[in-house]
Every structure is written in C-alpha cells, then in structure tokens.
Amino acid sequence: GSGKTLIGQAAGLLPGVRSVVLTRRIGLQNQITEDFDTHSITGQRNHRCNEFPQYSVDIAPCHISYQCPRKRMGGCTYYDDLKKAEWINTRSIVTNYAMWFTNVDAGRKWGKIDLVVADEAHGVMDELTNYLTVKVDRESFDKLRSYGITWPNLNNNTSQKEWQAWAK
C-alpha cells in the first residue's frame, strides 16, 4: 500500500534501463502485469503444453525425449516467454523468486539486466531457503529403494560424514 511497486516500475522506465521485479506470489505478479507494461514469466506448471494439452509444460513429453517443434521454433507459451525475456526491447520483466532463482541457477540469461527490484524483500531469505530445500518423504524413499537405491540408516544419529560418503 505504500507504492513500492510503483517506485520499482518507475525506476525501470529510465532510458536504457532493463528491470526485473521479483514477487513472492503469482497474484501480485499478475497484478503488476495488469497494471504496468511489463512481461510476466511464470514457471512451467503455469503453462499448458500446446502439443499435448493434457499436460502442463513441467511434465510434458519434451522433457523425456520428444523433440517438440514448438519448443524450438515457437508456439510454446513457456519457452516463448523465456525467449522474449532475452529481447533487448523487453524493458520490464516481472517474475517470482522461485522462477528467478531457477533461471539464475540454470545459467539462463535474460539479457543485460540493469535493475532488480525485490518486492516484499523481507521474504528473500525465506524464498531462497525454500528454493534450496529438498524434501523427501517416506513414500519417496521407499520408491527409490524399489529401484535399488539405498542410503544410510535414517535416524537422528546419521552423521554428515556418512551422508557425504553415500553421495560419492
């Protein structure tokens, strides 16, 4: 309510400045996209596969070997959005922290970015922690075991050295 988003968007309008606004929630991301002339990038789960509409892009066949022509040549909303982010004339981008961390971690470049605005910056550490956290439940461990993957005994006494030796 104090205009931080407006200030961040205004800074991105400076001549020659390309900006990215990071949000914690897709609802705010959508609101910024509606209120300002900005390009929104959301994760794969938020896009339907155009070749196989029964799937979202995160589980689409292009991830397992299918050579999707839309992914390479255009027509996939997710990959088209990523490509548009690289265009020099795309001056303002809005995305969520998880999407930003994923793309930075994967080494994807969205072109030269002059300004990154962290909306709700008090939550950056929580968002980074969420991104770096891996949660595996008992059912997942049992499934891995059925594939012949074993790990150290799961109890509170398992040492870090045991896990490091296992990971090698």
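Tabulated results
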read-out: Förster radius 41 Å - calculated FRET efficiency between Leu115 and Ala165, Cβ distance, rounded to 0.05; value: 0.35
read-out: Two-decimal log10 I(q)/I(0) for the range 102-145, as the Debye equation yields it once each C-alpha is a single scatterer, q = 0.15, 0.16, 0.25 Å⁻¹; value: -0.63, -0.68, -1.01
read-out: GNM top mover of Ala121, Ala98, Ala85 - the chain, alpha-carbon springs below 10 Å; value: Ala121
read-out: Under the span-like rule (Cα at least 30 Å along the axis, Kyte-Doolittle mean at least 0.5), DSSP H helices of the chain; value: none
read-out: Translational diffusion coefficient (Stokes-Einstein; Kirkwood radius from C-alpha pairs) of the range 28-105 at 10 °C, 1.306 mPa s, in µm²/s; value: 119 µm²/s
read-out: Theoretical gain in end-to-end length, Lys84 to Arg72 [0.36 nm per residue, Cα-Cα removed]; value: 3.0 nm
read-out: Inter-site label distance for Gln31 and Ile149 at 7 Å from Cα along Cβ, in nm; value: 4.0 nm
read-out: Of all accessible heavy-atom area on the range 1-93, the percent that carbon and sulfur account for (1.4 Å); value: 56 percent
read-out: Selected from Phe36, Phe101, Phe141 as most flexible by GNM, with the chain as the system and alpha-carbon contacts under 10 Å; value: Phe141
read-out: For the range 58-146: rounded, prolate or oblate by the Cα gyration tensor [a/c cutoff 1.5]; value: oblate
read-out: Among Leu132, Leu144, Leu28, residue whose mean-square fluctuation peaks in a GNM of the chain (springs only between Cα atoms under 10 Å); value: Leu144
read-out: Accessible heavy-atom area order of Asp80, Asp35, highest first, probe of 1.4 Å; value: Asp35, Asp80
read-out: Residues whose placed amide H lies under 5 Å from that of Val117, excluding near-sequence neighbours; value: Val20, Val21, Leu22
read-out: Amide proton proximity set for Cys49, modelled H, under 5 Å, gap of 5+; value: Tyr55, Ser56, Val57
read-out: Two-site FRET efficiency, Asn130 against Ile7, from Cβ-Cβ distance with R₀ of 41 Å, rounded to 0.05; value: 0.95
read-out: Residue order for Thr150, Thr95 - accessible surface, 1.4 angstrom probe, largest first; value: Thr150, Thr95
read-out: Whole-number D in µm² s⁻¹ for the range 1-131, Kirkwood Cα-pair radius fed into Stokes-Einstein, 37 °C, 0.692 mPa s; value: 211 µm²/s
read-out: His63/Val104 FRET efficiency (R0 25 Å; Cβ-Cβ; nearest 0.05); value: 0.80
read-out: Solvent exposure, largest accessible area first (probe 1.4 Å, DNA, RNA and ligands not counted), of Tyr97, Tyr66; value: Tyr66, Tyr97
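The values are calculated or read from the model by the stated rules, or taken from the named source; none is laboratory data. Because the structure is a prediction, the values reported are computed rather than measured. All Cβ positions, even for glycine, are placed from backbone atoms using ideal geometry, and neighbour counts span all protein chains on display. Remember, those area values only see protein heavy atoms, side chains included, never the ligands or the DNA or RNA. Shrake-Rupley method; radii C 1.70, N 1.55, O 1.52, S 1.80 Å.
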